[in-house]
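Each remark here refers to the structure printed beneath this line.
What follows is calculated from the coordinates using simple rules that are stated; it is not laboratory data. Computed from a prediction, not measured in an experiment: that's the story for all the values here. Don't worry about glycine lacking a Cβ; one is built from the backbone with ideal geometry, like all the others, and counts go over all protein chains shown.
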Amino acid sequence: MGKGGGGSTEVKETSQEKAAAVVANEQWSVYKGELRPFENMFMDKVDALNDQSKYDKAAGTTNLGYQQSFGQARQQATTQMAANGADPNSGNYQGTLKDLVSDQATGQADTANRAQTSQQDKYVAGLQDVVALGAGQKADALSGYNNIASHSLSKATSDAQRSLSDRQAIGGLVGAGLGAAARTWGPQGSPSIGSSLSSFSNGVFGGGNQDPVPKAAK
């Protein structure tokens, strides 16, 4: 049998395919030159979330908040007890201060542990965002972890307020004056607590500004 014609079987690119290849090359160049450096920086910051220093900072911020909040609570208590003529050597006076110290220790340990657990969860969320970026998907798992320090400091303030109120409520230890002190203590706590909050809680990665999450290349 005779064979068919001996023409070339090569399939030539169409003009549309050539144009698409040009666009793809341009996008790849943009990714390598502009997007990939941001992704690498983001991954480095995510890795840093698991540094021991981050866990120490979470616990340290919590401890600072409790020391300041309960220090103010003890000051409020002693001021009111002195105004009511309470004897500093009396059982009621000493018991009130002892109970405040005990409440501080309990709340401080629990909240510090929760803050460190949240830091670990934050690291895992960062890893999820890294995977999402690699798949070209939206990376927003870290968005819920902006305020670990803020939550810890707010908990310290509320625990101190509650402890101060309880000392008056349990057995009426020092009369109505102590209860009034608890009621008039504002939710913001001392100025130093507010300063600590603004210093520690800005940005997902703990910096002064919100760190951007790089968008997946399209």
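Structural remarks
- Ranked packing of 69-79, 97-107, most packed first, by mean Cβ within 10 Å: 69-79, 97-107
- Cα-projected label distance for Ser29 with Val124, points at 7 Å along beta-carbon direction, nm: 4.4 nm
- When each of Lys54/Lys138; Lys57/Lys138; Lys45/Lys155; Lys18/Lys138; Lys45/Lys122 is checked by Cα-Cα distance, pairs over 20 Å: Lys54/Lys138; Lys57/Lys138; Lys45/Lys155; Lys18/Lys138
- Cβ-based exposure ranking for Glu39, Glu10, in which fewest neighbours within 10 Å come first: Glu10, Glu39
- Relative protection proxy for 117-126, 14-23, 45-54, 83-92, from highest mean packing down: 117-126, 45-54, 83-92, 14-23 (other beta-carbon atoms within 10 angstrom).
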